[in-house]
Every structure is written in structure tokens, then in C-alpha cells.
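The values are calculated or read from the model by the stated rules, or taken from the named source; none is laboratory data. Here the structure is a predicted model, which is why all the values come from computation and not from measurement. Quick reminder, even Gly has a Cβ in these numbers, built from the backbone with ideal geometry, and neighbours come from all protein chains shown. For the accessible areas, the whole protein counts, side chains as well, though only heavy atoms, and no ligand, DNA or RNA atoms are used. Shrake-Rupley method; radii C 1.70, N 1.55, O 1.52, S 1.80 Å.
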Amino acid sequence: MSKHKKDFRTDTLCIHAGQEPDKEFGSVVAPIYQTSTFAFETAEQGAARFAGKEPGYIYTRLGNPTTKMLEDNIAALEEGVLALATSTGMAAVSTLYFALLGQGDHVVASSAMYGPSRIILERDFVRFGVSATFVDTGDTGAVKAAWRPNTKLLYVETPTNPTLSITDLGACSEWAHKNGALLVVDNTFMSPILQKPLRHGADIVLHSVTKFINGHSDVVGGIIVFKDEPLFKKVRPVLTHLGGTMDPHQAWLVLRGTKTLALRVRAAQENARAVAELLASHPAVEWVKYPGLEKEPAIKALIEKQMDGPGSLISFELKGGIEAGKRFLDGTSLMTLAVSLGGIETLIQHPASMTHAGMSRENRLAAGISDGLVRLSVGCEDKEDLLKEMKEGLNKLV
Ligand SMILES: *Cc1c(COP(=O)(O)O)cnc(C)c1O
């Protein structure tokens with residue numbers, strides 16, 4: 001029985017998609033095919049594999065059975081047809097830019113997108129004649145206003161990091177397709193448990209699997225999922241030639257993470273709801289942004305339409321701005337002061353001096369990242385322990 005079936009539900013797919021007990025010895029867990037190269041039985045077979053006339057592996061940069069299991073697993077979770085695992089999330093992003101863009105092409109992208117995803121467009125791809133306009137893609141009107149006749153790619157993160165602006169994927173895909181462009185969505189923040197962008201018209205979805213998908217803060221990696229085979233065939237040779245493919249041991253570790261993905265995402269979300277409510281009601285807090293606290297009816301309706309929950313990332317600013325923020329950060333003990341997100345442990349960081357320090361202050365403020373903004377990636381610790389530490393830290397500030 002193939003486990004890669006659309007009729008299983010998400011939680012089942014996390015555990016089983018892409019994986020069968022091993023045919024040789026019945027090992028229930030995926031074997032790690034830790035090899036760089038694969039032997040051919042005959043010269044003819046080698047030639048047939050190179051010619052693409054016979055399935056089978058050749059060389060690990062071009063494909064590996066353990067890595068393939070992870071690719072099939074995430075393709076099933078995202079409801080795509082095929083996937084490509086990459087050495088890091090940024091290898092997924094840069095490979096996509098290389099594969100989809102050429103001289104003279106223009107990109108419209110979310111202004112508060114992941115720092116390096118924006119920086120390589122502004123500093124590197126610009127050298128090859130690619131231009132980009134960054135807008136709050138949560139405003140579909142701004143996307144349309146930024147559009148040019150040579151726009152080939154609409155690149156969206158929703159919710160954005162750390163401003164948590166929500167983009168209407170259905171409206172964006174309709175607009176992009178009507179105007180001859182592709183919609184690529186970085187779904188790292190939501191994971192396929194809470195959002196499946198291909199359902200809403202995206203052509204390609206990517207993840208930093210470093211975050212929720214692996215979930216244990218011990219691996220870096222990325223993945224690209226395709227809605228159809230022609231797009232996969234366009235990107236695959238670019239990835240295998242540029243060389244950002246995933247290593248089989250890395251893939252095996254990530255497969256341990258995917259089994260508990262749904263459980264972790266929901267546990268962290270339950271904690272995050274409670275933490276967000278505490279922040280929203282505390283006098284030391286200037287404002288808090290969390291999709292679960294959204295009051296604006298149109299955004300609330302959009303969240304209900306395209307997200308299966310508000311997730312576990314919260315942004316907030318303390319009264320007293322950056323100075324109060326630093327005191328709060330330095331006073332935490334259960335929450336770890338570190339960048340990254342989506343792991344089982346709660347992480348807290350200050351984007352203006354950390355993840356988004358590479359952006360100019362002007363661009364940062366324009367993207368909605370104020371100097372005092374603090375970002376929290378809520379983990380799976382006991383809820384009462386988290387709330388206790390939060391309360392104690394906040395009470396010291398008033
Ligand atoms: C972390 C992250 C990336 C980059 O992934 P790496 O695995 O660090 O290379 C890309 N997009 C988003 C939204 C991220 O959070």
C-alpha cells in the first residue's frame with residue numbers, strides 16, 4: 001500500500017507519506033543511504049540512467065533514496081506533486097531565483113520577507129539585471145501598483161516575519177497568473193499543518209525546514225514543493241548543477257521531525273494563544289501582534305479562509321521601547337535568547353539588532369519593524385511555566 005496517498009489526512013501523512021518499511025530487511029524506519037555514488041549492474045544500465053530512460057540513482061547530488069523519502073513526505077503534506085530538498089532554506093530561495101529569473105525580469109516581493117531572501121535580490125541578482133519592488137503584499141492593491149510589464153515572479157511570505165501581515169494568496173495567485181507570472185510562497189512560518197498555499201493557487205511553495213518541519217533546532221535545510229511536473233523539471237537541473245542539494249543524513253534527521261510535526265505545531269500554538277492573551281492584557285506592553293488576536297473583520301475572514309490556525313509566532317513592543325525590550329530579554333531564563341523559530345523550545349529575539357540588522361533602518365521602519373519590536377517563537381514547554389516567566393518579566397517593567 002502506498003503511503004503517498006491524497007486520501008490520508010495531514011496527521012497521518014506526517015508519519016507515513018513517502019516511507020515504507022524497507023524491502024530488504026523490513027526496517028520500519030527509513031535507512032540512511034549514506035553514499036555519494038551508486039553502482040550500476042551493467043554499462044548499459046549506467047547509460048540508461050544517465051539518459052533518463054531507466055529510473056534509479058546515479059550520484060547523491062542528483063538524488064538519494066533517503067532524501068527522496070523526505071521530498072515525498074513534504075510533497076504529500078503540501079499537496080504538491082514533487083519536491084526538492086535543499087541544503088538550507090536559503091539554497092531553496094536562491095535556486096528558485098536562479099531557475100525562474102533572467103536578465104530584465106522584475107520581482108514583486110513582501111517587504112518584510114526573510115532578510116537574506118530580500119538582500120540577495122537587492123545586492124546580488126541586481127548585478128544580473130534582475131530588479132525587485134518590495135511592498136506590503138498584505139495589501140493586494142500595493143501588489144498591483146508595483147506591477148510592471150516584465151514582472152515574472154510574485155514572491156510572498158504570509159504571515160510576514162516579524163510583522164505578521166497576512167497576504168491574500170487567492171487574490172495574489174489570480175493576479176499573478178492573469179499577468180503571466182508565477183506565485184512562490186515561503187510557507188516556513190505556518191508549516192503545511194496550518195497553511196497549504198498550493199490550495200490557494202500558489203505555483204511553488206518553499207520552506208526553511210530548519211524551522212517547524214525539522215523542529216528540533218539541530219538541522220539546517222530547505223525544501224521546494226511544486227504544483228506540477230514541468231516546474232519541477234525546470235528547477236531540478238538548476239539545483240543539481242548549482243549544488244545546493246540536501247545530504248541523506250540531514251534528510252533522515254528531518255524525517256524524525258516530520259513524524260511529530262502536527263503534534264508540535266498544535267502544542268506550540270496552544271501555548272502561543274495563552275501567551276498572546278497575557279501580553280495583550282498586560283500594562284507593560286505597548287502593542288502585540290498575533291493572528292489569533294486579529295480584530296479587523298476582513299483580515300479575520302482571510303485568516304479563516306487560508307490558515308488552519310494562528311501559529312506560534314508573536315511580535316510585541318514594550319512600553320519604553322528598545323531599552324525595556326533589552327531588560328526583558330536579558331531577564332528571561334526559560335525562554336532562550338536566540339534567533340530562528342519553530343523549534344520545540346521557546347525563543348525570543350530582537351529583529352532590529354539581530355535578524356533584520358542587515359536592512360537599513362529606513363527599510364526596516366517602512367516594512368513595519370520598529371526599533372523596540374520583540375519576536376517570540378513559542379515552543380512546547382508547559383504552558384503554566386511559560387506564563388509564569390512572562391508575567392514575572394513583565395511585572396518588573398511596570
Ligand atoms: C530561516 C528562514 C529562511 C532561511 O532558511 P535557512 O534554513 O536559515 O537557510 C527563509 N525564509 C524564512 C521565512 C525563514 O524563517
(message) Looking only at the range 124-147, how many residues end up being in contact with a Cys (Cβ under 8 Å, 6 or more places away or on another chain) and not in a helix (DSSP H, G or I)?
(response) 1
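Let's see how each residue does on (1) on the phi < 0 side of the Ramachandran plot; (2) of a type in the set (S, T, Y); (3) open to solvent by 60 Å² or more (accessible area, probe 1.4 Å); (4) in contact (Cβ under 8 Å) with a residue 60 or more places away in the chain:
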| residue | (1), (2), (3), (4) |
| --- | --- |
| M69 | yes, no, no, yes |
| I74 | yes, no, no, yes |
| E79 | no, no, yes, yes |
| L82 | yes, no, no, yes |
| G102 | yes, no, no, no |
| V107 | yes, no, no, no |
(request) Keeping to the range 337-370, report how many residues are in a loop (DSSP other than H, G, I, E, B) and either open to solvent by less than 50 Å² (accessible area, probe 1.4 Å) or closer than 27 Å to V209 by Cα (or both). (result) 23
(message) Which count do you get for residues in the range 199-221 that are within 21 Å of L154 (Cβ to Cβ), more than 9 Å from the ligand (Cβ to nearest atom) and crowded, with 24+ Cβ neighbours inside 10 Å?
(response) 3
(request) Determine whether D308 is among the charged types (D, E, K, R), open to solvent by 60 Å² or more (accessible area, probe 1.4 Å) and in contact with a helix residue (DSSP H, G or I) (Cβ under 7 Å, 6 or more places away or on another chain). (result) yes
(request) For the range 375-387, indicate whether the set of residues that are surrounded by 15 or more Cβ atoms within 10 Å (Cβ to Cβ), in the same structural domain as E294 (by TED's automatic domain parsing) and farther than 21 Å from S217 by Cβ is non-empty. (result) yes
(message) Go through (1) within 16 Å of the ligand (Cβ to nearest atom); (2) open to solvent by 10 Å² or more (accessible area, probe 1.4 Å) for V93 and report which single condition fails.
(response) (2)
(request) Out of the residues in the range 170-198 that are over 15 Å from the mean Cα position of the chain (by Cα) and under 21 Å from G309 (Cα atoms), state the one that is nearest to the ligand (Cβ to nearest atom). (result) C172
(message) Quick test of your reading of the structure: L121 fulfils all but one of (1) in a helix (DSSP H, G or I); (2) open to solvent by 20 Å² or more (accessible area, probe 1.4 Å); (3) within 23 Å of V339 (Cβ to Cβ). Name the failing condition by number.
(response) (2)
(request) Test G331 against the stated conditions and say whether it is modelled with pLDDT of 95 or more, outside the structural domain of G115 (by TED's automatic domain parsing) and farther than 17 Å from V288 by Cα. (result) no
(message) So, in the range 12-49, how many residues would count as being surrounded by 13 or more Cβ atoms within 10 Å (Cβ to Cβ) and out of contact with any helix residue (DSSP H, G or I) (no Cβ under 8 Å at 6 or more places or on another chain)?
(response) 9
(request) Kindly indicate whether T160 is open to solvent by less than 10 Å² (accessible area, probe 1.4 Å), at pLDDT below 95 and β-branched (V, I, T). (result) yes
(message) Could you go through the range 233-245 and let me know if any residue there is touching a His at 6+ places or on another chain (Cβ under 6 Å) and not basic (K, R).
(response) no
(message) Just the residues that are within 15 Å of the ligand (Cβ to nearest atom) and free of Cβ contacts under 8 Å to residues at least 40 places away in the same chain, please, taken from the range 222-257.
(response) L253
(message) Cβ-Cβ under 6 Å, sequence separation 6+ or interchain: first residue in the range 148-168 and at positive phi, partner open to solvent by less than 20 Å² (accessible area, probe 1.4 Å) and not aliphatic (A, V, I, L, M). Which pairs?
(response) L164/S315
(request) Go through the range 96-118 and give me each residue that's within 16 Å of the ligand (Cβ to nearest atom), part of a helix (DSSP H, G or I) and more than 15 Å from the chain's Cα centre (by Cα). (result) Y97, F98
